[in-house]
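Below is one structure, written out as structure tokens, with a few remarks after it.
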Amino acid sequence: MLATLKALAEPHRLHIVEFLRDGPQPVGAMVRRLRLRQPQVSKHLRVLSHAGLVDVRVDAQRRIYALRPAPLQELEVWLERYRRIWEGNFQRLDALLEQMNAAEHKPKEKKRAAKSR
Amino acid sequence: MNNTNTLKVTTPSDREIVMTRVFDAPRHLVFEALSKPELVKQWLLGPPGWTMPVCEVDLRVGGAYRFLWRGPDGAEMGSRGVFREVVPPERFVATERFDDPWYPGEAVVTNALIEKNGKTTLTLTVLYESREARDGVLKTPMDKGVGMSYDRLEQLLASLGAPQLKKEASES
């Protein structure tokens, strides 16, 4: 999954992935779309391919690239889990802080609950 | 929930995850809630139904912590680490390693707190090991400081029609 994150953390590669979600594309189309030279595009595609994010097939003279959803799905699972867990944690923390805040401005009994160590 | 205290998640570099969240409380209280075991175990629980039967924190440089969570189906998940920096009430840094790791190696977690007008902004940075990221083809000099918002990634993922996982996170 780090390989996926790393591959996507480069803007041109993210653009390529976003471009490919509309469907498979030959290298030439990506060169035009990204306004990069072909060797650069090919280098990015190699990285994406190595990370398992794209597949290539050869059609006559052209190399056609297509997205592979598996690593992105894996990333989504992780990301959604991460976000949801922390959102839940922080909402509980909000509630706890509210109690602590109230306790700090009130007499001892409540204060003890929040301050005890 | 409300619009000001939403959780922001970003990836400022290829090894970091950064979460930012504002809390309606002064910094010393947030620091306590983040570092005192009897308080931590009240909120750092993860998905619904999970509890934290073990929460031990020795908050000093070189001191260790141990967390263990238990899920509704009895599954357990543990993590441990050592504090590298402790500067109450503004920051603490600790290593993190899960018993049954779902990411390679050890991460370094930094909690930084800034108070403004009685509210506290927590910036939680998780720096992952780069071992896996360094291998193979990816030896080319990395593009540094590339920011990517998870929002954008999520849009991308949504548009790809990646399956929604309803039941996640019940394993370790």
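Readers should treat all values here as calculations from the given coordinates under stated rules, not as data from a laboratory. Computed from a predicted model, the values in this text were never measured in an experiment. For neighbour counting, all protein chains shown are included, and Cβ atoms are generated from backbone atoms with ideal geometry for every residue, glycine included.
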**Asked** Evaluated at 4 °C with a viscosity of 1.567 mPa s, what Stokes-Einstein diffusion coefficient in µm²/s does chain A have when Rh comes from the Kirkwood expression over alpha-carbon pairs?
**Response** 74 µm²/s
**Estimated vicinal HN-Hα couplings, Hz - region A:48-60 in sequence order (Karplus 6.51, -1.76, 1.60; Gly, Pro = x)** = 4, 5, 5, 7, x, 7, 9, 10, 10, 9, 9, 10, 6
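First measure r as the distance between the Cβ atoms of B:ALA75 and A:HIS15, then evaluate 1/(1 + (r/R0)^6) with R0 = 51 Å and state the FRET efficiency to the nearest 0.05.
On the way: r = 40 Å, r/R0 = 0.79.
Efficiency at R0 = 51 Å is approximately 0.80.
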**Prompt:** B:ASN5: net charge of surrounding residues, Cβ under 14 Å, Lys/Arg +1, Asp/Glu -1, itself excluded?
**Reply:** +1
**Fill in**
The ratio Rg/Rh over the Cα atoms of region A:2-67, Rh being the Kirkwood inverse mean 1/r radius, stands at 0.93
